[in-house]
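One structure is given here, and the rest of the page talks about it.
The values are calculated or read from the model by the stated rules, or taken from the named source; none is laboratory data. Computed from a predicted structure; not experimentally measured. Cβ atoms come from the backbone with ideal geometry, glycine included; neighbour counts cover every protein chain shown.
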Amino acid sequence: MESCQIIRMVKKFLSFLYKSVLTLANLLVYLGLAIIFPFEKFLNLVVFLAKNLVRKVSSIKIKRAEIAWPKFRVALRLKSRVQSVKLPKLPKAKLRKGVKLAKKFARPYLIGKPAYFVYGTLFSLVFIVAPYNVYTWYRQLPQPILLAQTQNKSTRILDRNGRMLFEIYVDRQYNPVALTSVPKYMVDATLAVEDSSFYGHIGIRPFSMLRAAKATLVDDTLQGGSTITQQLVKNVLLSPERTFGRKLKEIVLALMVERTYTKDKILELYLNNIAYGGTAWGVQSAAQKYFGKDISQIDLAEAGLLAGLPSAPSVYSPFMDKEVAKQRQKIVLDRMTELGFITKEQSDEAFARELVFVLQTEYIRAPHFVNHVQNELIDLYGKRMVYFGGLTIKTTLDLDIQEKVQTIVTDEVEKSGPALNISNGATAVLDAKSGGILAYVGSKDYFSQKDGNFDVLTASRQPGSSIKPVTYALALASGRTPATVIEDSPVSYSAYGQTYSPVNYDGKFHGKVTLRQALANSYNVPAVKLLRSLGVEKMVELGTKMGLTTWQFDNTFGLSVTLGGKEVRPLDLVNVYATLARGGEYAPVAGILSVTDANGFEIYEADGKRAQVVDGGVAYLISHILSDNNARAAAFGYNSELVVPGYTVAVKTGTTDAKRDNWTLGYTPSYVVGVWVGNNDNTPMNPSLASGLSGAAPIWNKIMRSVLDGKQNEPFVIPSTVFVKVDKECQNASEVFLNGTAPKNLCAIKKDDKSERR
């Protein structure tokens, strides 16, 4: 008897252990599914498994009943026969015995095992799996704090007065502004058309959502039911998919955002993150894209148009269809009137006003300059910082000067280009005192399909005679004076088995000329003779110090370098003249004044470093010669394009032998203007018409007049190392000299040393 009890207890324990293991295994299976599948997909899976489970349990019951007791199946059949055939009733005792036996054998199989499986499943789903899934789903939601941190900010390039030139970005323009910087009209227009009850709800509007759902499902029409908070969450924190799960996330996150931020902060985040079309994200980028102005300058009419864009930017864009955009603007203005934000008169007046949109090509101003600055920024900070860092770059460019210069270059090249066979022009205007770029025109039209993007200012071009001031600066520093006499006569030099015989531009020789006359009239032979006596390497060294960054002396440099036989970068050549304008002080060409990071901290400021590379007295002598209209009259006349009436301006021209490059460069103590004209492919200009006065000079003259307009004349300051000698015995002849270099008698013209006559 005891052994039977022990066996029975063991069976119960094993049965309990079996049931426990079965329930635990079932729990582990569902926990694994909960981890693998997202919450919304898991719900669908549970429904699917439940349906199959019911079918499976039903089939198990019948199958196991059939296997468990064949006699019971016979009894069932007998019972059906009895009911159908109406046989005599069986004795009640036998019938009760059959039913009792059926229950005894069927319970462990038909009810026991499947029941524990079902009960374990339901317990796991209700008390463990569902809460775990909800918790996991909640933990995987993006946190509201990310709203203020998620965006990569675009880098803004401004002119020296804070006007936008360009934004550097990868996929979107993002320039956040404080809500206080957004006009009330813009705020009211946004609230009116997007969420008029924004300040009264908790982040969601249940009835609006139900109404939108009904319109979508029943009426088959799209209707907005999202609040501003929901739209913010949807655009910044969630993916664009349209599913029930994403909508549920949107609702929960909207409630979380409302608990995290104030209403004003949520509205500010919305205005800074919503899409307004194309790459413009946020009201600041939208105002700049459509109207070319800061958001703080937007009026009611413009606010009405901008506020209507976010619901369908591509549909309501004025660049796509102005009529549709105006209709949308009307809806916004009417809604503002309905809510009492504006009066009917204000609405009508705003709608009637003609809006002026910025042309798409004006997204970038001074494009060649912007590219120049962008390359400089990448060298300083790397691409990632420039593209994503939200930097604000204040440049040296003056947009007013830039636009005037661009117009002059474009008009003059198009006007004189066909006759002179000139297809392009380039100009740089520098602040002589700092080296900052005030205007930068790399070609006559950046947007031209034919080589418009080509930046001549950074290309390699031959300078022609415009390089001569470097040679003459070296000569004056070596003891020559403006009164030094050089013989302009035929000469030949042999080098590497070849003979070099320089000639003058006019094909003539002028005999004995002073250094002043030789430079002012741009005679070639005297320049070559001077360089022969000074040394080519020394000239190259001085040119490098003055700003020619691409020069490095080797055996390819010869005497022809003083006539422009070696290529330079035009921007570097302009800086050589800027060095002279500063009194011999070199300063690198600067395009950037300051760089501010995304947090408002200044991380770069132009240092203004300088180096005295040419004696101040020598620089003054060069400037004095180049501004002497009487001295150059023999070659250029008294009323040429090199004269700016009422102003003292030093100027030099240059034309290469093959007429492929034509230059005019000039300066005052405050401004430097350099102009190049020619063809990008080095095609020669018209040899009979192109000259130092017919190509670049007219453009240079107009630009210099424009820059100096309204300003007082600014003579070059005489350094203490220079004095003016007046010879009363020689008809009051005068000349400027460095201290200790003046001859006793200015009338006594004497030849220079033999090396310069050869």
Number of the condition not met by Phe447 [criteria: (1) at pLDDT below 90; (2) assigned to a loop (DSSP other than H, G, I, E, B); (3) more than 18 Å from the chain's Cα centre (by Cα)]
(3)
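Okay, residues lined up against (1) touching a helix residue (DSSP H, G or I) at 6+ places or on another chain (Cβ under 7 Å); (2) outside the structural domain of Ser560 (by TED's automatic domain parsing); (3) farther than 30 Å from Asn521 by Cβ:
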position: Tyr381; (1), (2), (3): no, yes, yes
position: Thr395; (1), (2), (3): yes, yes, yes
position: Ala419; (1), (2), (3): no, no, no
position: Val429; (1), (2), (3): yes, no, no
position: Ser443; (1), (2), (3): yes, no, yes
position: Ser448; (1), (2), (3): no, no, yes
position: Ile467; (1), (2), (3): yes, no, no
Within segment 703-718, can you find the residues that are within 14 Å of Gly646 (Cα to Cα) and under 36 Å from the mean Cα position of the chain (by Cα)?
Met704, Arg705, Ser706, Val707, Leu708, Asp709, Gly710, Lys711
Looking at Ile364, Ile378, Ile342, can you tell me which residue is surrounded by 11 or more Cβ atoms within 10 Å (Cβ to Cβ) and free of Cβ contacts under 8 Å to residues at least 12 places away in the same chain?
Ile378
Exactly one of these conditions fails for Asp348: (1) surrounded by fewer than 20 Cβ atoms within 10 Å (Cβ to Cβ); (2) in contact with a helix residue (DSSP H, G or I) (Cβ under 6 Å, 6 or more places away or on another chain). Give me its number.
(2)
Given the conditions (1) among the basic types (Lys, Arg); (2) part of a helix (DSSP H, G or I); (3) surrounded by 14 or more Cβ atoms within 10 Å (Cβ to Cβ), every one holds for Lys394 apart from (2)
Would you mind telling me which numbered condition in (1) in a helix (DSSP H, G or I); (2) among the hydrophobic types (A, V, I, L, M, F, W, C); (3) free of Cβ contacts under 8 Å to residues at least 60 places away in the same chain Ile703 fails?
(3)
Are any residues in segment 402-428 over 13 Å from Gly442 (Cβ atoms), modelled with pLDDT of 95 or more and buried (at least 20 other Cβ atoms within 10 Å of the Cβ), and if so, which ones?
Ile408
